[in-house]
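Asks: Below is the structure I would like to discuss, written out as structure tokens.
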Amino acid sequence: MKANTETAVEAPPNLASRERTEPPDSARAGTAALAMPGAGLATTPLEVEDTLAAKAAAQMFAALGVDLDREHRLATPQRFIRALREMLTPPRFDPTSFENADGYDEFVVVEAVPFFSLCEHHVLPFVGTATIAYLPDARIVGLSKMAWVVQLFARQLQVQERMTGQIADWIGEHLQPRGVGVQLRAEHLCMSLRGARATGAVTTTTARRGALLDDPERRDEWLRFLAATR
């Protein structure tokens, strides 16, 4: 299937330069204290990696002047790493498909699939919903698999444009449908909380494959559906 990916996004603002300063003694002390707890308890490669990452995170917070000696911050680096690990670990799922025994030949659409991902520029979340449509050929898939596919590509460092195309390509490869359409709408916290501080701004990206590119009737049907659900 031919591919086309369309986007409507704002370029990320330039990073502001910042004078580097030496972290305070209290922050350095917090780093040293956190290097010890649990260090001898890591037993798996993943635990070892997380322990090393937590030590690096403690150094990062210290360099930013964060006092880690306060009670509620003592385990903050470990929690930070565990949270990142969860958000950056794609789910495993069985992409089982089934014969299209009834010969269904109209759109299958799953809309308003919630997702969040981490922007690879600032490692801040972007949060939104996905709408996925495909025109079946010989195979169909359980509807929950559409949500799993979104999570598969959301749980990694991402840019929204690439993620949109990856979802469309996965469906095209695994189902070989006659056509695929994907739309993502998301708010990017890197644009809402910093820089332009454009709170509430929504970025929309779309990808079309197969009949949604080649067949004007199917393309228009897809576009009318998107317009009706805005």
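What follows is calculated from the coordinates using simple rules that are stated; it is not laboratory data. All values reported here derive from a predicted model rather than from experimental measurement. All Cβ positions, even for glycine, are placed from backbone atoms using ideal geometry, and neighbour counts span all protein chains on display.
Asks: Calculate log10 I(q)/I(0) of region 144-230 for q = 0.22, 0.26 Å⁻¹, where I(q) comes from the Debye formula with a single equal point scatterer on each Cα and nothing for solvent.
Replies: So the normalised log intensities are -1.12, -1.30.
Asks: Would you grab the residues whose amide H sits under 5 Å from the one on Asn100? Only those 5+ places off in sequence or on another chain, please, with H modelled 1.01 Å from N.
Replies: So Asn100 has HN proximity to Arg139, Ile140.
Asks: Please compute the contact order of region 47-96 in relative form: average sequence separation of alpha-carbon pairs under 8 Å and at least six residues apart, divided by the residue count, as a percent.
Replies: Details: 21 pairs, mean separation 19.2, N = 50.
The normalised contact order for region 47-96 reaches 38 percent.
Asks: Can you tell me the length gained on complete extension of the stretch Ser144 to His72, counting 0.36 nm per residue apart and subtracting the Cα distance? Intermediate values should be presented prior to the final figure.
Replies: Working: separation 72, 0.36 × 72 = 25.92 nm, distance 3.87 nm.
Full extension from Ser144 to His72 adds 22.1 nm.
Asks: Separate question: Taking neighbour counts of Cβ atoms within 10 Å as a proxy for exposure, in what order, fewest first, do Arg73, Arg208 appear?
Replies: Going from least to most buried by this count: Arg73, Arg208.
Asks: I've got another one for you. Just want the ordering: Asp102, Asp50, from fewest to most Cβ atoms lying within 10 Å of their own Cβ.
Replies: Ascending Cβ contact count within 10 Å gives the list Asp102, Asp50.
Asks: Right, something else. Net charge within 13 Å of Ala83 by Cβ-Cβ distance, Lys/Arg positive one each and Asp/Glu negative one each, not counting Ala83 itself?
Replies: Taking every Cβ under 13 Å from that of Ala83, the sum is +2.
Asks: Here's something else I'd like to know. Compute the Rg/Rh shape ratio of region 78-230: radius of gyration over Kirkwood radius, all on alpha-carbon atoms. Walk me through the numbers on the way to the answer.
Replies: Details: Rg = 16.4 Å, Rh = 16.3 Å.
Result for region 78-230 is an Rg/Rh of 1.01.
Asks: Using Cβ contacts closer than 10 Å as the measure, can you line up Ser144, Ser117, Ser97, Ser192 from fewest to most?
Replies: Going from sparsest to densest Cβ surroundings: Ser144, Ser97, Ser192, Ser117.
Asks: Compute the FRET efficiency between Asp102 and Val123 as 1/(1 + (r/R0)^6), taking r as their Cβ-Cβ distance and R0 = 45 Å, and round to the nearest 0.05.
Replies: Efficiency, from the Cβ-Cβ distance: 0.50.
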